[in-house]
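The values are calculated or read from the model by the stated rules, or taken from the named source; none is laboratory data. Nothing here was measured: the structure is a model prediction, and the numbers come from that model. We place every Cβ from the backbone using ideal geometry, glycine too, and count neighbours over all the protein chains shown.
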Amino acid sequence: MISAHLLIVYIAALAVVYAVPGPDMALLLQTAIARGARGGFATAGGLGVARATHVTLSACGVAALLRSAPWLYEVVRYGGAAYLGWVAVQIFRSPVFALPTDAAITADTRPLRHAFAKGLLTNLLNPKALLFCSVLLPQFVRPEAGPVALQMVELGVILLVIGVCFDTVYALGAARIANWMRSHPLAQTVQRWTFSAALIGFALRLSLD
């Protein structure tokens, strides 16, 4: 078992990471504003599956493979940047002043799998998320505390739970903001431009770093 002290430090580190704006947060907020809390939760589900995949791949040593094979890292990196750019363009091209009403969101029959897939791909195509897991988790593993595999599972589960908590807060908060934005058309325009610019900025940073 991991000591209580290490767990507190680990949870604090995760809280800081999840609170820092990034492509995951930008996509989640945009989706929750446009499609309500249900859309935000679907996106959060995709992000959660991607994070679980990163934790698993880190434990299997795939992150080390990316570090030792620069060409593979570049392929994933540029693919992720291109995808973020595509999402940004889709947001920018969305109809102006088109935030749906609560009734329209409730009646929306579009499959939530699209929001889920965007969340999944946004995080999964970010090699830095995989490398982050491979760097952070081993720092809190202590061989003398028991089986390493069990400790990795424990750390991975905590990472996912903290992520779900933050994503839930973001989705609910963004859905409430959308209620105010419906009566402020200018705010809707600013919102579209802001999230589009943010995602393009993250795409450029990912492709240039």
- Item | Where a residue in the range 83-94 is closer than 18 Å to V190 by Cβ and at pLDDT below 70 and its partner, wherever it lies, is loosely packed, with under 13 Cβ neighbours inside 10 Å and not hydrophobic (A, V, I, L, M, F, W, C), with Cβ under 7 Å and at least six apart | none
- Counting only residues in the range 126-148 that are more than 25 Å from the chain's Cα centre (by Cα) and touching a residue at least 60 places away in the same chain (Cβ under 8 Å), the one nearest to S207 (Cα to Cα) is identified as R142
- Determine whether G163 is of a type in the set (G, A, S) and either more than 18 Å from the chain's Cα centre (by Cα) or modelled with pLDDT under 85 (or both). no
- Item | Failed item, numbered, when I2 is tested on (1) at pLDDT below 85; (2) more than 22 Å from the chain's Cα centre (by Cα); (3) part of a helix (DSSP H, G or I) | (3)
- Message: Filter the range 49-76 down to the residues that are modelled with pLDDT of 75 or more and surrounded by 20 or more Cβ atoms within 10 Å (Cβ to Cβ) and list them by number.
- Response: A50, R51, H54, V55, S58
